[in-house]
Amino acid sequence: MGRVDGKVAIVTGGAVGLGRADAVLLAQEGAHVVVTDVDTQQGSAVAEEIGGSALFLHHDVTNEPSWIDLIDSVVDRLGRLDILVNNAGIVVPENPETTTLDQFRQVCAVSVEGTFLGCKYAIPAMKKSGGGSIINMSSVGAINPQPDVAAYAAAKGAVRSYTRAVAIHCAQNGLNIRCNSVAPSSMATPMVAEIQKQLVAKGRVGLKRSGMGELGDPNDVAHAVLYLASDESRLVSGSEIVIDHTVTVTQGLVP
């Protein structure tokens, strides 16, 4: 217990799934957690479940003023920012021919632009706090993409690359800010269940599972996030933790 004791953490997309698991575990390990989401009802419920100093703030990761207001509010209320988990993301179950431009832009707006804006505005706040850790949610889909979620694969590929760019920038400028990504395979989340349902309804096989034949648990991802958020990973930056249940990435799995 206490692996992130006293640290202030923001978890985007924290109302359900991986984000919820991240927020709960970080709080259990001593962090002051700010849960953000566009789903006020579910997000508030998570903050209430965590209790203590946990807060919920309504936040659209695609909106730049919303990011500015979020970071300012967190620093004003809690005095600092130590951890940012850029978790928010969406999936559209369409292939390269059936994906519309609006769908592609929507997926990229949440995952890519949301991550970009989070990093952009978290870095100055973390500089004032003396350092910090940014954890970006990528995907095994960025490594071995599935065509039935093509836009998602593209977006997560961008997140994967941008993470390293941020890490190098922070290192070159001596900012004491680390930036890493986590690349899970399919996890047992409401988003995965819904996408599986939609793909099957379209006559497709659905998202592939791991070599172990099971969906992972959101806590499997949360423990990796906790490690990257803690001082245990103080020398780890620009890295990627792949959580795919197998020795090598061959399945083309998507969280």
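The values are calculated or read from the model by the stated rules, or taken from the named source; none is laboratory data. Just so you know, these numbers come straight off a predicted model, no measurement behind them. Note that we place each Cβ from the backbone using ideal geometry, even for glycine, and neighbour counts take in every protein chain shown. The protein model used for the area step is the full one, side chains on, heavy atoms only, and it has no ligands, DNA or RNA in it. Shrake-Rupley method; radii C 1.70, N 1.55, O 1.52, S 1.80 Å.
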| task | Give me the angle, in degrees from 0 to 90, between the Cα long axis of helix 190-201 and the longest principal axis of the Cα atoms of the chain, rounded to the nearest 10. | result | 10 degrees
| What is the spin-label model distance, in nm, from residue 95 to residue 76 if the labels are put 7 Å beyond Cα along the C-beta direction? | 5.1 nm
| said: Using a 7 Å offset from the Cα along the Cα-to-Cβ direction at both residue 173 and residue 53, what is the distance between the two label points in nm, to one decimal? | reply: 2.6 nm
| said: I want to verify the translational diffusion coefficient of the range 11-75 in µm²/s; compute it with Stokes-Einstein, Rh as the Kirkwood radius over Cα pairs, at 10 °C and 1.306 mPa s. | reply: 139 µm²/s
| Just the accessible area for residue 104, please: 1.4 Å probe, Å², rounded to the nearest 10? | 90 Å²
| Accessible surface, the range 1-82, averaged per residue in Å² (probe 1.4 Å) | 43 Å²
| remark: Taking Lys and Arg as +1 and Asp and Glu as -1, residues besides residue 238 with C-beta under 13 Å from its C-beta add up to +2
| task | Taking every pair of Cα atoms in the chain, average 1/r, invert it to obtain the Kirkwood radius, and report Rg/Rh to two decimals. | result | 0.95
| said: Within the chain, count lysine pairs with alpha carbon atoms under 24 angstrom apart where the residues are 8 or more positions apart or belong to different chains. | reply: 9
| What are the residues whose amide H is under 5 Å from the amide H of residue 32, where those residues sit 5 or more places off or on another chain and H is modelled from the backbone? | 6, 7, 8, 9
| Can you tell me the Rg and Dmax of the range 40-79, counting just the alpha carbons, in angstroms? | 11.0, 29
| At 0.890 mPa s and 25 °C, Stokes D of the range 1-141 from Kirkwood alpha-carbon radius, µm² per second | 161 µm²/s
| note | Net charge (Lys, Arg +1; Asp, Glu -1) of residues whose beta-carbon lies under 14 Å from that of residue 11, residue 11 excluded, is -4
| Dipole magnitude of the range 5-153 about its Cα centre (Cβ charges: Lys, Arg +1; Asp, Glu -1), debye to nearest 20 | 520 debye
| remark: Sorting 240, 48, 97 on solvent-accessible surface, 1.4 Å probe, most exposed first, gives 97, 48, 240
| query | When the accessible area of the chain is computed with all protein chains present and a 1.4 Å probe, what percentage of it is carbon and sulfur? | reply | 51 percent
